[in-house]
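Each reported figure results from applying straightforward, stated rules to the coordinates on display, with no laboratory input. Computed from a predicted structure; not experimentally measured. Neighbour counts are summed over all protein chains in view; Cβ atoms, including those assigned to glycine, are modelled from backbone coordinates with ideal geometry.
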Amino acid sequence: MSPSPDLEHAPAVQGRKRPVPGRPASFLLLLLLGLPALLFALITWQVMADGPLVRVDERVSRDLIQPDRFSELLADLGNVQVAVPVLVLALGYVAVRGRRALVERWWMPPVAAAVLMALVPAFVVPLKDWTARPGTPAMPPAVGYYPSGHTATAVVAYGAATLLLLPWLRTARTRRALVLGCLTVVLAVGYGLVRRGYHWPLDVVASWCLCTVLLTGLTLLISRSTRRSSAGTPSSRTGPS
């Protein structure tokens, strides 16, 4: 009996060998964790100290703000009501595929992504209260705009959905298209927020940095779970190919 399609395309957990991480992988991991974290700390310091970077940010914002319907629609892609349902669909799809393929710990990636999405306010809201940054001239007088919550929602929702779906895609071209689509949507949300005047550019960039660190952590958790499943699950092949 030939293996089911789900087993054939399971995300490298049916006894398939994975490359052993070496110095290039470690350097990339350090880059994805260290550089965004350092940049986020630098931006936060400048916001708190009202430093020169903030003044440049304000000048750039004044040049970019041009409220229109299109920029508002792009910004709306970062709404919880839009981004989170996309992630939920990806969670359900990956959970069903993993269970059908008899993947050990099939529930781990969807649960990890869902928990990370739920924790986004726990990271963003205290920072908003602590920094108390005022909004742009296009917004009513208020504080709590740094970092951008809409940007964080978009990056984590669309980014986590992409990370979950990538192992289940059959071709490199499809995987590249998914990653490119995710990056396009995230950039579009940031552009819409700045163009519409909902956020300063640094609010958006800071959320990108913060969420890069969070998604890198999610990637590590998923990879570790997958490696353990691969080590503990016999291969689906029953004879020589």
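Provide Rg and Dmax in Å for region 24-228, with only Cα atoms included in the calculation.
My reading of the Cα-based Rg and Dmax gives 17.8, 55 Å.
In nm, give the distance between the simple-model label positions of residue 86 and residue 179, each being 7 Å from the Cα along the Cα-to-Cβ direction.
About 1.8 nm, to one decimal.
Between residue 27 and residue 42, what is the label-to-label distance in nm when each label sits 7 Å out along the Cα-to-Cβ direction?
Label at residue 27, label at residue 42, 2.0 nm between them.
Relative to the present Cα-Cα distance, how much length would full extension add between residue 107 and residue 72 at 0.36 nm per residue of separation?
9.0 nm
Under a crude label model (7 Å from the Cα following the beta-carbon direction), how far is residue 223 from residue 119 in nanometres?
1.8
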